[in-house]
Amino acid sequence: MNPGLRRQVAKELGIDRSSLYKLRKQEQKDDQLAERIRAVLAEHKHYGHRRVALELKIGKNRARRVMLAYGLGPAPSPHQRHYKQHSGIREAPPNLLKRYGSLVSRPNCIWACDFTYLWVPRLGRWYYLATVIDVYARDIVGWSLGIHHDSELILTALYDALSGQDQPEILHFDRGSEYLSEAHLDVLDSLGITPSASAKASPWQNGKQERFYGSFKTELGSLKDVASEGELFALVAATMTYYNTKRLHSKLKTNPKHYRQNYNKKQFIGSVALTEVIDKVLPISGT
């Protein structure tokens, strides 16, 4: 814009000419930020403004303003959420997650588990995904996929979790018949894991699992083109890996894997420091 035209525009708008420079400069900054946001959404297509802000290390209000102005936002989830309650076999245990969940300060203290439904059109059937989440680190430590929602499905997910992690003190779940079955509770009893259950028809009391499934199904995307069980398994596994290792968690401000690694690193440094103190204070044996 030439100086004469700029003066005329400023006069008609009733503002100082320097304001036009500031507006133009801000517009250029917003254009550049919008391009950066598009790049983030190309890799993380379901990020909202909070995770975009974390990824770009900018204020969430700024990210929200530019995303609204440029029509940028997360892709919608193609999945509907399903809930089904079961009568159960044994009496449900008390809700220990509600009592102690806020006190969890390390991984593998309390796990929470649940399962969800996945409809695969080309295969013409429902599949069931059971998962086990660590309440502290928010990572999925075990999962299983099957065509039946039964004790075998949830126990397979539990065994998967136990194969890679130390067992928890408490395992929390909803009041589904699968989780209150003798087969499941007998395994927990044999392992010395204390069971915990949400109140009847209260899925929000297993909130970390519920929130995970909302995020997971959104990231998983449509299953309309999945043509085989192997393809479905591979897609679920890839999405699970993305959730654990790349996707920023709003509460953690990083991904679950990195959050767990940070905890382990701090514990290791602390143990080394303690050993050094003990070596300095205690006499060396034999001297």
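Per this entry, Lys265 is not counted among residues that are assigned to a loop (DSSP other than H, G, I, E, B), at pLDDT below 95 and surrounded by fewer than 16 Cβ atoms within 10 Å (Cβ to Cβ).
Within the range 12-26, is there a residue that is of a type in the set (A, V, I, L, M) and at pLDDT 85 or above? No, the range 12-26 has no match at all. Scanning the range 202-214 for residues that are in contact with a Lys or Arg (Cβ under 8 Å, 6 or more places away or on another chain) and farther than 15 Å from Ala130 by Cα turns up just one, Gln205. If you go through the range 216-239 and keep only what is touching a strand residue (DSSP E or B) at 6+ places or on another chain (Cβ under 9 Å) and closer than 19 Å to Trp143 by Cα, you end up with Phe216, Lys217, Leu220, Leu223, Glu229, Leu232, Phe233, Val236, Ala237. Of the strands (runs of 3 or more DSSP E) that lie entirely inside the range 102-207, those containing 3 or more residues that are touching a strand residue (DSSP E or B) at 6+ places or on another chain (Cβ under 8 Å) and aliphatic (A, V, I, L, M) span 110-120, 125-134, 140-146.
I need a count of the residues in the range 237-257 that are part of a helix (DSSP H, G or I) and either touching a residue at least 60 places away in the same chain (Cβ under 8 Å) or not assigned by TED's automatic domain parsing to the domain that holds Lys208 (or both).
Start the filter on the range 237-257 by keeping residues that are part of a helix (DSSP H, G or I), which leaves 237-245, 256-257.
Those still in the list that are either touching a residue at least 60 places away in the same chain (Cβ under 8 Å) or not assigned by TED's automatic domain parsing to the domain that holds Lys208 (or both) too: 240, 243-244, 256-257.
Number satisfying all stated conditions: 5.
Restricting the search to the range 147-187, which residues are buried (at least 21 other Cβ atoms within 10 Å of the Cβ) and within 27 Å of Arg260 (Cβ to Cβ)? Selection gives Ile154, Ala157, Leu158, Ala161, Pro168, Ile170, Leu171, His172, Phe173, Asp174, Tyr179, His184.
The values are calculated or read from the model by the stated rules, or taken from the named source; none is laboratory data. On a predicted model such as this, the values are computed, not experimentally measured, just so you know. All Cβ positions, glycine included, derive from the backbone under ideal geometry; neighbour counts span all protein chains shown.
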